[in-house]
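Worksheet: one structure, shown below.
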Amino acid sequence: LCFHVWRIMISQHAFVSHLSVLLFGLSSWLLVNAVWVELALLVQSAPEGYALASHMAIALQAANIFPLVYSIMARWKDPPAPYQASVGLILVMGIASCELLAQYWNHTAVVFGEPRSAVLILLLFVGGALDCTSSVVYWPFVSTFDEPYTASLATGESLSGSLPALLAAWQIPLSGAPLFGVSAFFHVMTTLMVLSSAAFATLHLPPFRPHPAAARTPSLLHRVLDRCKGPVLWEGWLKLVVDGVYPSLFPFACKGFADPYRVLFVGGIVVSLVKPLGAHVATYPFLRCRRIGLLTAVWTLQFAVIIALAFLSSGHALSPHGWLLVALAGSGGCWAGYTHAMLFVELGLTCSEARLPPAARTACYRWAGQSTQAGALTGTIVAFVLVNFSGLFSY
């Protein structure tokens with residue numbers, strides 16, 4: 001039976017190609033998402049306590065220097081290095097980083113007279129460098145294929161958040177001790193990175209190599225820029241709030257509950273699961289809403305409430321057990337995931353309607369990737385200053 005199934009898969013080269021792109025996309029943000037869903041366990045042993053989230057966020061966003069350098073180099077030579085080399089380096093270092101996290105995540109060091117989670121922060125910085133750079137490497141790489149492969153990459157990118165979340169949900173039941181530890185969790189992440197690497201290698205086998213994108217008729221680039229700048233800027237705002245400010249402040253909104261670690265853990269799991277769900281909805285043409293401003297207002301309002309509760313450290317005011325706070329975070333995450341997907345759908349539609357040549361299309365996707373990283377970096381810096389220097393938050 002297995003042999004028969006394998007023969008059917010081999011005969012369907014396009015299916016294998018799409019599956020390979022999906023599994024390849026799994027590596028895009030796997031390490032960073034894995035660390036975040038383990039936050040509830042990490043803060044219990046970390047010397048930083050609740051402030052660990054802000055330190056993690058600033059280490060992650062400091063890694064944006066790497067995609068910035070890559071993008072600058074792309075202005076002279078596009079791409080700066082063959083995609084096989086760039087992606088291969090990201091994958092190999094990602095495997096090494098996950099395995100090192102599994103071994104040394106709880107090792108501390110004294111920094112400026114205070115104990116710090118030095119190894120965790122350092123490896124998160126390395127992982128952040130890899131994952132942030134994937135935003136400006138993976139999307140331009142897949143843009144050289146037919147348009148349907150973009151949806152496969154988006155699905156894989158979404159799974160980089162949902163698979164760690166599902167594993168974490170199994171790891172820590174709603175009542176009782178964890179079924180396995182943080183080290184075992186990161187060992188599984190290493191395995192997923194190896195699987196993603198194998199999928200990338202499959203894309204270079206002649207039977208499964210995706211068809212290249214068809215050439216398009218050139219058009220006036222400045223007109224395209226006028227139409228694309230809206231989605232690109234909205235993407236920056238979304239990442240500023242959702243990936244910059246929110247992760248550092250959400251732990252403080254969970255304070256005051258009888259079991260704040262449980263609320264933090266469940267909230268992280270729910271957001272990680274619903275964001276891919278929201279993104280998947282955007283793949284159906286009849287469910288698409290191109291009113292990006294309205295979508296942005298919906299999720300911004302929900303995250304604004306959570307951030308306000310973090311300043312007050314009064315998330316428990318919503319309910320005694322935190323379920324309303326979790327529901328609010330989940331709803332905001334779902335709308336943010338849908339909006340994120342619609343922004344790239346809008347960008348793709350604009351590129352198609354303008355009949356861009358492949359080089360210009362690749363540049364548009366790279367601009368969106370740069371906006372993603374710039375927004376997240378700005379939000380993280382703001383949150384780090386607020387948490388560590390404003391005196392508004394107690395650990």
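Temperature 37 °C, viscosity 0.692 mPa s: under these conditions the Stokes-Einstein estimate for segment 16-58, based on its Kirkwood radius over C-alpha pairs, is 272 µm² per second. Determine one quarter of the surface area of the Cα convex hull of segment 36-184, which equals its mean projected area, and express it in nm² to one decimal. Seen from a random direction, the Cα hull of segment 36-184 projects 10.5 nm² on average.
Computed over the alpha-carbon atoms, segment 118-167 gives an Rg to Rh ratio of 1.09, Rh here being the Kirkwood radius from the mean inverse distance.
Tell me, what is the FRET efficiency for V385 and L349 to the nearest 0.05, using R0 = 41 angstrom and their Cβ-Cβ distance as r? That gives a FRET efficiency of 0.60. Sorting the segments 160-172, 335-347 by their mean number of nearby beta carbons within 10 angstrom, highest to lowest, gives 335-347, 160-172.
The alpha carbon radius of gyration of the chain, expressed as a multiple of 2.2 N^0.38 Å, is 0.98.
Considering the options V305, C334, H187, tell which one lies farthest towards the positive end of the dipole of the chain, charges being +1 on Lys and Arg and -1 on Asp and Glu at the Cβ, about the Cα centre. Checking the options against the dipole of the chain, the answer is C334.
Using the Kirkwood radius built from alpha carbon pairs, what does the Stokes-Einstein equation give as D for segment 232-274 at 20 °C and 1.002 mPa s, in µm² per second? After rounding, the answer is 188 µm²/s. Dividing the helix sum by the residues of the chain, where each DSSP H run of 4 or more adds -39500 (n - 2.57), gives a mean residue ellipticity at 222 nm of -24500 deg cm²/dmol.
Per residue, segment 224-290 exposes 42 Å² of accessible surface when a 1.4 Å probe is rolled over the protein heavy atoms with every protein chain present.
Taken per residue, the accessible surface of segment 74-157 reaches 45 Å², heavy atoms only and a 1.4 Å probe. Heavy-atom surface analysis with a 1.4 Å probe gives the chain a carbon and sulfur content of 71 percent of its accessible area. Taking the Cα centre of the chain as reference, the dipole from Cβ charges on Lys and Arg (+1) and Asp and Glu (-1) amounts to some 840 debye. Note on V110 and L301: their simple-model spin labels are 5.3 nm apart, each label 7 Å out from Cα toward Cβ. Temperature 25 °C, viscosity 0.890 mPa s: under these conditions the Stokes-Einstein estimate for segment 231-305, based on its Kirkwood radius over C-alpha pairs, is 175 µm² per second. Considering only F200, L349, T283, the residue lying farthest towards the positive end of the dipole of the chain is L349, judged by Cα position with unit charges set on Cβ. Each of F125, F185 has its accessible area taken with a 1.4 Å probe; listed largest first, they run F125, F185.
The values are calculated or read from the model by the stated rules, or taken from the named source; none is laboratory data. Note that the coordinates shown come from a computational prediction; the quantities given were computed from them, not determined experimentally. Note: ideal-geometry Cβ built from the backbone for every residue, glycine included; neighbour counts use all protein chains shown. Surface accessibility is based on the protein's heavy atoms, side chains included, excluding ligands, DNA and RNA. Shrake-Rupley method; radii C 1.70, N 1.55, O 1.52, S 1.80 Å.
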